[in-house]
Amino acid sequence: MNWTLSVCMQATEENLKILSELGFKAIEIPGWLQLNPFNFSKTDLKRIRELSSSYGVSIVASNIIYPPGFSHTSESEHLRRRSIEYTYKLAEAASEVTCPVLVWGSGKARSIPFETVREKGCERNLEVLKTAAKAGEEFNVRFGIEPLPKNETNFVNTIEEALELVEKVNSDFVKITADVRHMIREEYDLVESLKKAGGEIVHVHLADNNSRVPGRGIIDFNRLLKCFGEIGYRGAMSIEARLGENPGEELRFALEVLKQSVSSV
Ligand code: LER
Ligand code: MN
(Lines give C-alpha, C1' and ligand atoms only; values in the text may rest on other atoms or scores of the structure.)
(Ligands and ions follow the chains in the order given, each with its own letter.)
Protein backbone atom coordinates (compact mmCIF):
# COMPACT_ATOMS: atom_id res chain seq x y z
CA MET A 1 0.00 0.00 0.00
CA ASN A 2 1.25 3.49 -0.85
CA TRP A 3 -0.32 4.95 2.24
CA THR A 4 0.20 4.68 5.96
CA LEU A 5 -3.12 3.48 7.28
CA SER A 6 -4.09 4.72 10.70
CA VAL A 7 -7.13 4.93 12.97
CA CYS A 8 -8.62 7.90 14.82
CA MET A 9 -8.80 6.93 18.47
CA GLN A 10 -7.33 7.82 21.83
CA ALA A 11 -3.84 6.48 22.41
CA THR A 12 -4.77 4.28 25.36
CA GLU A 13 -3.14 1.00 26.26
CA GLU A 14 -6.29 -0.90 25.20
CA ASN A 15 -6.61 0.82 21.81
CA LEU A 16 -2.92 0.59 21.00
CA LYS A 17 -3.04 -3.13 21.75
CA ILE A 18 -5.93 -3.58 19.28
CA LEU A 19 -4.10 -1.58 16.62
CA SER A 20 -0.80 -3.38 16.98
CA GLU A 21 -2.49 -6.81 16.93
CA LEU A 22 -4.15 -5.90 13.64
CA GLY A 23 -0.87 -4.68 12.20
CA PHE A 24 -1.61 -0.94 12.21
CA LYS A 25 1.53 1.12 12.60
CA ALA A 26 -0.15 4.49 13.06
CA ILE A 27 -2.78 6.32 15.07
CA GLU A 28 -4.50 9.72 14.92
CA ILE A 29 -5.23 11.10 18.37
CA PRO A 30 -7.85 13.60 19.58
CA GLY A 31 -5.89 16.80 20.14
CA TRP A 32 -8.17 18.39 22.71
CA LEU A 33 -7.87 15.27 24.89
CA GLN A 34 -4.29 14.20 24.36
CA LEU A 35 -2.28 17.21 23.17
CA ASN A 36 -4.08 20.14 24.82
CA PRO A 37 -1.16 22.46 25.63
CA PHE A 38 -3.17 24.24 28.34
CA ASN A 39 -3.45 20.95 30.26
CA PHE A 40 -0.41 18.88 29.40
CA SER A 41 3.22 19.30 30.30
CA LYS A 42 6.13 18.09 28.19
CA THR A 43 6.41 15.13 30.55
CA ASP A 44 2.75 14.16 29.90
CA LEU A 45 3.34 14.39 26.16
CA LYS A 46 6.48 12.31 26.40
CA ARG A 47 4.44 9.62 28.15
CA ILE A 48 1.93 9.52 25.26
CA ARG A 49 4.71 9.34 22.70
CA GLU A 50 6.47 6.55 24.55
CA LEU A 51 3.28 4.59 25.15
CA SER A 52 2.44 4.67 21.42
CA SER A 53 5.92 3.75 20.31
CA SER A 54 6.05 0.86 22.81
CA TYR A 55 3.29 -0.72 20.64
CA GLY A 56 5.10 0.10 17.40
CA VAL A 57 2.48 2.74 16.59
CA SER A 58 3.38 6.27 15.53
CA ILE A 59 1.17 9.32 15.85
CA VAL A 60 0.56 10.50 12.29
CA ALA A 61 -2.02 13.18 12.96
CA SER A 62 -4.36 14.72 15.48
CA ASN A 63 -8.02 15.63 14.94
CA ILE A 64 -10.68 17.36 17.08
CA ILE A 65 -7.94 19.74 18.11
CA TYR A 66 -9.93 22.46 19.93
CA PRO A 67 -11.76 21.83 23.22
CA PRO A 68 -15.51 22.52 23.42
CA GLY A 69 -16.32 26.20 23.94
CA PHE A 70 -13.53 27.52 21.70
CA SER A 71 -14.42 30.17 19.15
CA HIS A 72 -12.01 31.78 16.69
CA THR A 73 -14.61 34.23 15.49
CA SER A 74 -16.37 35.29 18.68
CA GLU A 75 -17.13 38.92 19.48
CA SER A 76 -15.15 38.33 22.65
CA GLU A 77 -11.54 39.33 22.18
CA HIS A 78 -10.62 37.14 25.11
CA LEU A 79 -11.96 34.03 23.35
CA ARG A 80 -10.25 34.95 20.10
CA ARG A 81 -6.90 35.45 21.89
CA ARG A 82 -7.37 32.08 23.57
CA SER A 83 -7.76 30.36 20.17
CA ILE A 84 -4.64 32.01 18.84
CA GLU A 85 -2.53 31.18 21.86
CA TYR A 86 -3.80 27.60 21.92
CA THR A 87 -3.12 27.11 18.19
CA TYR A 88 0.45 28.24 18.58
CA LYS A 89 1.13 26.07 21.59
CA LEU A 90 -0.65 23.08 20.05
CA ALA A 91 1.88 22.98 17.21
CA GLU A 92 4.65 22.78 19.79
CA ALA A 93 2.79 20.01 21.67
CA ALA A 94 2.35 18.10 18.38
CA SER A 95 6.08 18.30 17.72
CA GLU A 96 6.73 16.84 21.20
CA VAL A 97 4.91 13.65 20.19
CA THR A 98 6.33 13.80 16.63
CA CYS A 99 2.85 14.29 15.19
CA PRO A 100 3.31 15.85 11.73
CA VAL A 101 -0.28 16.92 10.94
CA LEU A 102 -2.97 18.81 12.85
CA VAL A 103 -6.44 18.56 11.31
CA TRP A 104 -8.06 21.99 11.26
CA GLY A 105 -11.60 20.68 11.56
CA SER A 106 -13.47 21.64 14.75
CA GLY A 107 -16.48 23.07 12.91
CA LYS A 108 -18.00 24.88 15.89
CA ALA A 109 -14.80 26.73 16.77
CA ARG A 110 -14.51 28.21 13.30
CA SER A 111 -18.22 28.87 12.69
CA ILE A 112 -19.12 32.51 12.26
CA PRO A 113 -21.77 33.59 14.81
CA PHE A 114 -25.08 34.88 13.50
CA GLU A 115 -24.43 38.34 14.98
CA THR A 116 -21.01 38.69 13.37
CA VAL A 117 -20.50 40.25 9.94
CA ARG A 118 -19.32 37.44 7.68
CA GLU A 119 -16.28 39.32 6.44
CA LYS A 120 -15.12 39.94 10.01
CA GLY A 121 -15.58 36.26 10.84
CA CYS A 122 -13.50 35.23 7.83
CA GLU A 123 -10.74 37.66 8.86
CA ARG A 124 -10.71 36.22 12.37
CA ASN A 125 -10.38 32.65 11.10
CA LEU A 126 -7.62 33.82 8.81
CA GLU A 127 -5.78 35.28 11.78
CA VAL A 128 -5.86 31.90 13.52
CA LEU A 129 -4.58 30.20 10.37
CA LYS A 130 -1.76 32.74 10.01
CA THR A 131 -0.73 31.83 13.53
CA ALA A 132 -0.97 28.16 12.55
CA ALA A 133 1.34 28.86 9.60
CA LYS A 134 3.90 30.59 11.80
CA ALA A 135 3.83 27.92 14.50
CA GLY A 136 3.75 25.17 11.88
CA GLU A 137 6.93 26.48 10.36
CA GLU A 138 8.62 26.87 13.73
CA PHE A 139 7.74 23.36 14.93
CA ASN A 140 7.57 21.61 11.54
CA VAL A 141 3.93 20.62 11.85
CA ARG A 142 1.40 21.04 9.06
CA PHE A 143 -2.22 22.08 9.57
CA GLY A 144 -4.77 20.53 7.20
CA ILE A 145 -7.96 22.56 6.72
CA GLU A 146 -10.80 20.07 6.63
CA PRO A 147 -13.92 20.99 4.66
CA LEU A 148 -16.86 20.03 6.86
CA PRO A 149 -20.59 19.68 6.07
CA LYS A 150 -23.01 22.54 6.57
CA ASN A 151 -24.52 20.91 9.64
CA GLU A 152 -21.11 21.14 11.37
CA THR A 153 -19.94 24.59 10.28
CA ASN A 154 -20.73 27.64 8.18
CA PHE A 155 -17.06 28.23 7.35
CA VAL A 156 -15.38 26.07 4.67
CA ASN A 157 -17.69 23.31 3.45
CA THR A 158 -16.01 22.48 0.16
CA ILE A 159 -12.60 21.78 -1.31
CA GLU A 160 -12.92 24.90 -3.42
CA GLU A 161 -13.37 27.07 -0.31
CA ALA A 162 -10.45 25.31 1.39
CA LEU A 163 -8.26 25.97 -1.65
CA GLU A 164 -9.14 29.67 -1.58
CA LEU A 165 -8.19 29.83 2.07
CA VAL A 166 -4.93 27.95 1.51
CA GLU A 167 -4.07 30.51 -1.14
CA LYS A 168 -4.81 33.38 1.24
CA VAL A 169 -2.67 31.92 4.04
CA ASN A 170 0.06 31.14 1.53
CA SER A 171 2.17 28.80 3.65
CA ASP A 172 3.62 25.32 3.16
CA PHE A 173 2.33 24.58 6.65
CA VAL A 174 -1.38 25.21 6.06
CA LYS A 175 -2.85 22.81 3.51
CA ILE A 176 -5.88 20.50 3.21
CA THR A 177 -7.33 17.43 4.93
CA ALA A 178 -9.72 15.51 2.67
CA ASP A 179 -12.45 13.67 4.59
CA VAL A 180 -14.23 11.51 2.04
CA ARG A 181 -17.35 11.02 4.17
CA HIS A 182 -17.99 14.76 4.21
CA MET A 183 -16.91 15.25 0.62
CA ILE A 184 -19.53 12.88 -0.77
CA ARG A 185 -22.17 15.17 0.74
CA GLU A 186 -20.76 18.53 -0.17
CA GLU A 187 -18.93 18.05 -3.48
CA TYR A 188 -20.66 17.67 -6.87
CA ASP A 189 -18.09 15.09 -7.87
CA LEU A 190 -15.78 13.57 -5.28
CA VAL A 191 -13.11 12.46 -7.73
CA GLU A 192 -13.06 15.76 -9.61
CA SER A 193 -12.69 17.67 -6.34
CA LEU A 194 -9.86 15.44 -5.20
CA LYS A 195 -8.11 16.08 -8.47
CA LYS A 196 -8.56 19.84 -8.01
CA ALA A 197 -7.09 19.67 -4.51
CA GLY A 198 -4.24 17.45 -5.78
CA GLY A 199 -0.91 18.19 -4.15
CA GLU A 200 -2.49 20.45 -1.53
CA ILE A 201 -3.85 17.43 0.36
CA VAL A 202 -1.66 16.59 3.36
CA HIS A 203 -3.99 14.21 5.16
CA VAL A 204 -7.02 11.99 4.51
CA HIS A 205 -9.92 10.74 6.63
CA LEU A 206 -11.71 7.58 5.54
CA ALA A 207 -15.20 6.45 6.53
CA ASP A 208 -18.21 5.20 4.65
CA ASN A 209 -21.23 7.40 3.92
CA ASN A 210 -22.99 6.15 7.06
CA SER A 211 -20.02 7.06 9.31
CA ARG A 212 -19.11 3.39 9.67
CA VAL A 213 -15.82 1.90 8.50
CA PRO A 214 -15.06 1.62 4.77
CA GLY A 215 -17.09 -1.20 3.22
CA ARG A 216 -20.11 -0.87 5.52
CA GLY A 217 -21.84 1.69 3.30
CA ILE A 218 -22.04 2.68 -0.35
CA ILE A 219 -18.80 4.55 -1.14
CA ASP A 220 -16.81 2.95 -3.96
CA PHE A 221 -13.39 2.65 -2.33
CA ASN A 222 -11.84 1.06 -5.45
CA ARG A 223 -12.57 4.21 -7.43
CA LEU A 224 -11.52 6.42 -4.54
CA LEU A 225 -8.14 4.82 -3.87
CA LYS A 226 -7.43 4.75 -7.59
CA CYS A 227 -7.98 8.51 -7.58
CA PHE A 228 -5.62 9.05 -4.62
CA GLY A 229 -3.03 7.05 -6.57
CA GLU A 230 -3.57 9.17 -9.68
CA ILE A 231 -3.13 12.46 -7.86
CA GLY A 232 0.10 11.14 -6.34
CA TYR A 233 -1.07 11.28 -2.72
CA ARG A 234 1.53 9.67 -0.47
CA GLY A 235 0.51 10.70 3.05
CA ALA A 236 -1.41 8.95 5.78
CA MET A 237 -5.05 7.87 5.65
CA SER A 238 -6.93 7.58 8.91
CA ILE A 239 -10.08 5.58 9.41
CA GLU A 240 -12.32 8.05 11.26
CA ALA A 241 -15.47 6.03 11.84
CA ARG A 242 -17.94 4.76 14.42
CA LEU A 243 -16.43 1.51 15.59
CA GLY A 244 -19.34 0.32 17.73
CA GLU A 245 -19.15 -2.43 20.33
CA ASN A 246 -16.38 -4.38 18.69
CA PRO A 247 -13.68 -2.06 17.33
CA GLY A 248 -11.27 -4.92 16.59
CA GLU A 249 -13.77 -6.68 14.33
CA GLU A 250 -14.75 -3.50 12.50
CA LEU A 251 -11.14 -2.55 11.89
CA ARG A 252 -10.25 -6.04 10.69
CA PHE A 253 -13.16 -5.83 8.23
CA ALA A 254 -12.09 -2.36 7.03
CA LEU A 255 -8.52 -3.48 6.57
CA GLU A 256 -9.65 -6.31 4.27
CA VAL A 257 -11.87 -3.97 2.26
CA LEU A 258 -9.08 -1.43 1.82
CA LYS A 259 -6.49 -4.07 0.94
CA GLN A 260 -8.82 -5.44 -1.74
CA SER A 261 -9.42 -1.95 -3.07
CA VAL A 262 -5.69 -1.32 -3.28
CA SER A 263 -5.08 -4.57 -5.12
CA SER A 264 -7.84 -3.68 -7.61
CA VAL A 265 -6.10 -0.37 -8.46
C1 LER B 1 -15.89 15.71 12.16
O2 LER B 1 -16.98 15.32 11.41
C3 LER B 1 -14.62 15.34 11.50
O4 LER B 1 -14.58 14.83 10.41
C5 LER B 1 -13.38 15.60 12.25
O6 LER B 1 -12.27 15.22 11.50
C7 LER B 1 -13.35 17.04 12.64
O8 LER B 1 -12.10 17.44 13.09
MN1 MN C 1 -12.73 14.13 9.53
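The values are calculated or read from the model by the stated rules, or taken from the named source; none is laboratory data. Just so we're clear, the structure is a prediction, and the values are computed from it rather than from any experiment. For neighbour counting, all protein chains shown are included, and Cβ atoms are generated from backbone atoms with ideal geometry for every residue, glycine included. Side chains are part of the model used for accessible areas, which takes the heavy atoms of the whole protein and leaves out ligands, DNA and RNA. Shrake-Rupley method; radii C 1.70, N 1.55, O 1.52, S 1.80 Å.
Which three lengths, in whole Å and largest first, does segment 1-156 cover when its Cα atoms are put on their principal axes?
Each principal axis gives a Cα extent; for segment 1-156 these are 51, 31, 25 Å.
Which whole-Hz ³J(HN,Hα) couplings does segment 162-178 yield from phi under the Karplus relation 6.51 cos²θ - 1.76 cosθ + 1.60, θ = phi - 60°, glycine and proline marked x?
Once rounded to whole Hz, the list reads 5, 5, 4, 5, 4, 5, 5, 6, 6, 9, 5, 9, 10, 10, 10, 9, 9.
Through the Karplus equation 6.51 cos²θ - 1.76 cosθ + 1.60, θ set to phi - 60°, convert the phi angles of segment 88-98 into ³J(HN,Hα) values in whole Hz; use x for Gly and Pro.
4, 5, 5, 4, 5, 4, 4, 5, 5, 9, 6
Calculate the length of the line joining the C-alpha centroid of segment 44-95 to that of segment 1-43, in whole Å.
First find each Cα centre; the distance between them is then 13 Å.
If you roll a 1.4 angstrom probe over the protein chains with everything in place, what fraction of the accessible area of the chain belongs to carbon and sulfur, to the nearest %?
Of all accessible area on the chain, carbon and sulfur atoms account for 47 percent.
When the helices in the chain are scored as -39500 (n - 2.57) per DSSP H run of 4 or longer and the sum is shared across all residues, what 222 nm value do you end up with, to the nearest 500 deg cm²/dmol?
Counting only the DSSP helices, I get -14500 deg cm²/dmol.
Could you order the peptides 1-9, 200-208 from most to least packed, using the average number of other C-beta atoms within 10 Å per residue?
Final packing ranking: 200-208, 1-9.
Might you tell me the accessible area per residue for the chain, computed with a 1.4 Å probe and given in Å²?
Numbers: 12230 Å² over 265 residues.
Per residue, the chain has 46 Å² of solvent-accessible surface.
By the gyration tensor of its Cα atoms, with a ≥ b ≥ c the square roots of the eigenvalues, what is the shape of segment 4-264: rounded for a/c under 1.5, prolate for a/b over b/c, or oblate?
Oblate, because a/c is 1.5 or more while a/b does not exceed b/c.
Which of Arg124, Arg110, Arg81 moves the most in a Gaussian network model of the chain with Cα springs under 10 Å?
Arg81
Using a Gaussian network model on the chain with a 10 Å cutoff between Cα atoms, which of Phe114, Phe143, Phe253 fluctuates the most?
Phe114
Among residues other than Glu187 whose Cβ falls under 12 Å from its Cβ, what is the net charge (Lys/Arg +1, Asp/Glu -1)?
-2
Springs between alpha-carbon pairs under 10 angstrom, Gaussian network model over the chain: which of Val174, Val117, Val156 fluctuates most?
Among Val174, Val117, Val156, the largest mean-square fluctuation in the Gaussian network model of the chain belongs to Val117.
For an R0 of 35 angstrom, estimate the FRET efficiency from the Cβ-Cβ distance between Thr12 and Arg81 and round to the nearest 0.05. Don't skip to the answer; put the middle values down first.
Details: r = 32 Å, r/R0 = 0.93.
Plugging the Cβ-Cβ distance into 1/(1 + (r/R0)^6) gives 0.60.
Tell me, what HN-Hα J-couplings in whole Hz come from the Karplus equation 6.51 cos²θ - 1.76 cosθ + 1.60 at θ = phi - 60° for each residue of segment 128-139, using x for Gly and Pro?
5, 5, 5, 5, 4, 4, 5, 5, x, 5, 5, 10
When Lys and Arg each count +1 and Asp and Glu each count -1, what net charge do the other residues less than 13 Å away from His72, Cβ to Cβ, add up to?
Details: positive: Arg80, Arg81, Arg82, Lys108, Arg110, Lys120, Arg124, Lys130; negative: Glu75, Glu77, Glu85, Glu123, Glu127.
It works out to a net charge of +3.
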